[in-house]
1. What about ALA214, is it over 16 Å from the mean Cα position of the chain (by Cα), closer than 30 Å to THR361 by Cα and either more than 16 Å from ligand 2 (Cβ to nearest atom) or among the hydrophobic types (A, V, I, L, M, F, W, C) (or both)?
2. Taking interchain pairs and intrachain pairs at least six residues apart, which have beta carbon atoms under 8 angstrom, with the first residue in region 265-287 and among the acidic types (Asp, Glu) and the second away from ligand 1 (no atom under 16 Å from the Cβ)?
3. Of these, SER327, SER297, SER318, SER271, which one is surrounded by fewer than 19 Cβ atoms within 10 Å (Cβ to Cβ), modelled with pLDDT of 95 or more, polar (S, T, N, Q) and away from ligand 2 (no atom under 16 Å from the Cβ)?
4. Among the numbered criteria (1) over 20 Å from the mean Cα position of the chain (by Cα); (2) β-branched (Val, Ile, Thr); (3) open to solvent by 10 Å² or more (accessible area, probe 1.4 Å), which one does VAL184 miss?
5. If SER26 passes every condition in (1) open to solvent by 30 Å² or more (accessible area, probe 1.4 Å); (2) in contact with a Ser or Thr (Cβ under 6 Å, 6 or more places away or on another chain); (3) away from ligand 1 (no atom under 16 Å from the Cβ); (4) closer than 29 Å to SER367 by Cα but one, which one does it miss?
6. Going residue by residue through region 84-98, is there one that turns out to be outside any loop (DSSP other than H, G, I, E, B), over 16 Å from the mean Cα position of the chain (by Cα) and without any contact (Cβ under 8 Å) to a residue 40 or more places away in the chain?
7. Restricting attention to region 279-323, and to residues there that are assigned to a helix (DSSP H, G or I) and among the polar types (S, T, N, Q), which single residue is farthest from ARG416 (Cα to Cα)?
8. Test PHE350 against the criterion of being out of contact with any Gly (no Cβ under 7 Å at 6 or more places or on another chain), open to solvent by 10 Å² or more (accessible area, probe 1.4 Å) and within 28 Å of GLY61 (Cα to Cα), and give yes or no.
Amino acid sequence: MDKVTHIDIEKPFKDQKPGTSGLRKSTLQFQEPHYLEIFIESVLLQISNLEGSTLIIGGDGRYGNTKAIQKIIQICVAHNVGKIIISKNGILSTPAASNLIRKRNALIGIILSASHNPGGVDGDFGVKVNISNGGPAPEKLTNQIYKCSQSLLKYKFYDCIVPDLAIQGSSKIKDTIVEIIDGVEEYVTLMEEIFDLDQIGDYLQNDFSIVFDAMNAVTGPYARELFVSKIGLSENCLMNSNPLPNFGNLHPDPNLTYADKLADLLLNKRSFDFGAACDGDGDRNMILGKNCFVNPSDSLAVLTANTNLVPGYKNSMSGVARSMPTSMAVDCVAKELNLPCFETPTGWKFFGNLLDSDKITICGEESFGTGSNHVREKDGLWAVLFWLQILAAKKCSVKDLMNHHWSTFGRNYYSRHDYEAIPSEIANQIYENLESVLPNLKNERFANCLVLDADNFSYEDPIDKTISTNQGLRIILENKSRIIMRLSGTGTKGSTLRLYFEKSSPSNGKLDLNPQIVLKDLITSVDDLLNISKLTKMDRPTVIT
Ligand code: VG1
Ligand code: CO
């Protein structure tokens with residue numbers, strides 16, 4: 001007869017430290033016997049009142065997704081979880097998971113994704129853990145999970161046959177109900193509540209062409225339901241719309257480097273009026289117009305300036321927030337509209353309390369992430385629909401909208417330079433070198449500007465007063481210019497160094513310049529100070545946004 005067993009392991013895993021969003025490792029590492037199981041056990045052991053509760057499980061469909069879900073079901077049954085809700089075929093975007101957690105009063109959600117990292121046998125795998133508000137687990141919880149995993153030598157397991165994930169319906173294993181649902185439906189309903197899809201449809205069917213790139217990852221089925229079934233466009237508006245275990249060898253990170261085919265269609269061939277892409281798990285978005293790339297920081301500012309055009313936000317804005325490295329474009333809009341504007345560390349978990357206490361309605365990050373109080377995650381397709389709603393209401397092009405925005409609020413020239421997967425010693429050395437000179441920079445001149453402040457960013461959560469330190473090095477210059485440096489918390493190979501540059505121009509200033517040229521003196525001064533090209537042996541960053 002099936003029964004609960006305790007599986008013992010010989011040595012604890014010492015490296016299960018969640019990063020900016022979840023635990024990410026190579027697929028190979030996750031395949032090591034008991035690796036996933038120990039992490040899941042560590043998560044479940046931190047959750048009070050787990051017995052009888054509801055859990056949501058799904059993932060972005062990458063290699064290993066189905067097997068991982070089967071194992072998680074067996075561990076959850078052993079822990080007497082009351083109900084496990086799983087999306088069909090295990091396909092569930094991160095924002096859709098956040099919505100389900102909230103709608104179904106789940107205690108936690110487990111999302112199998114390494115987000116924008118490549119998938120497949122040679123790629124990465126990951127586990128994101130979300131709490132009952134639908135948002136990523138806060139640092140306090142991820143620290144507890146990590147601590148537990150470091151000494152955990154056993155986990156509970158119920159050896160049984162698990163239901164076929166392709167068949168919707170309910171079944172019972174021991175005391176646990178396993179419900180397999182359509183992972184798309186409830187998310188699409190939520191979008192219909194927020195947006196006027198008819199208005200978008202009228203605009204798109206009349207001479208405004210769009211293309212959406214799902215990068216062979218999770219958003220394909222969602223985009224098909226929204227753009228083809230609901231809005232009535234032809235299937236041709238979708239690219240790479242079937243989730244594949246290795247994402248068809250694409251790197252599902254929607255930026256100009258990795259979504260280069262889409263970028264070429266919009267920026268060079270100019271074949272469409274609007275283009276967008278989402279990442280592996282559907283929480284990021286890139287917005288493009290004909291011959292026009294929208295910087296994600298600008299996107300956040302544009303959404304904030306136009307909330308009155310969207311039924312779900314009309315006259316209901318409480319405030320906005322952005323992560324520290326995100327440009328201050330949204331601050332300019334908030335000031336004009338008299339909205340409170342918060343600055344948080346990088347990572348969506350820091351928006352959770354602000355959203356829960358209704359201090360903010362919309363928030364975003366420079367890393368192609370925007371979202372609102374409709375869920376507790378950033379939401380790629382939501383941002384795409386928001387853009388389309390604005391364009392449909394204003395009946396204008398992306399380029400015209402951007403020009404109008406800048407001539408109203410001014411422009412924050414901005415760029416992020418990523419040096420990906422460089423040796424960790426080199427990345428740490430560059431970071432430490434900058435950190436050590438920060439105290440000397442204050443009140444000196446740097447890149448022809450006075451340095452107003454130079455520090456390592458710390459944040460006190462305004463609601464629960466938790467303090468988070470070491471959140472990124474900042475050089476704050478006069479005239480609203482900034483240089484920021486961080487080490488990524490999502491990479492799995494070596495270290496990724498991120499540099500962020502910003503300069504602002506008033507609404508009556510020059511608004512149509514190339515950001516790389518405008519920011520050149522900041523970029524060169526940092527390289528002169530820290531020898532980045534020499535130390536990394538790279539003459540340019542891996543990705544420039
Ligand atoms: C990156 C982004 C950050 C984002 C995080 C998770 O983190 O910079 O803004 O919240 O990824 O996004 P890091 O530590 O690599 O800079 V996702 O779409 O990967 O869940
Ligand atoms: Co993501």
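The values are calculated or read from the model by the stated rules, or taken from the named source; none is laboratory data. Quantities reported herein were computed from a predicted structural model and do not represent experimental measurements. Backbone-built Cβ (ideal geometry, glycine too); neighbour counts: all protein chains shown. Accessible surface areas use protein heavy atoms only, side chains included; no ligands, DNA or RNA. Shrake-Rupley method; radii C 1.70, N 1.55, O 1.52, S 1.80 Å.
1. No; evaluated as a whole, the condition is false for this residue.
2. Every condition considered, the pairs that remain are ASP273/PHE208; ASP273/SER209; ASP273/ILE210; ASP273/GLY289; ASP273/LYS290; ASP273/SER397; ASP273/VAL398.
3. After ruling out the rest, the residue left standing is SER318.
4. (1)
5. (3)
6. No; the residues of region 84-98 include none that is outside any loop (DSSP other than H, G, I, E, B), over 16 Å from the mean Cα position of the chain (by Cα) and without any contact (Cβ under 8 Å) to a residue 40 or more places away in the chain.
7. Filtering first and then ranking leaves ASN308.
8. Details: out of contact with any Gly (no Cβ under 7 Å at 6 or more places or on another chain): yes; open to solvent by 10 Å² or more (accessible area, probe 1.4 Å): yes; within 28 Å of GLY61 (Cα to Cα): yes.
So PHE350 passes the test.
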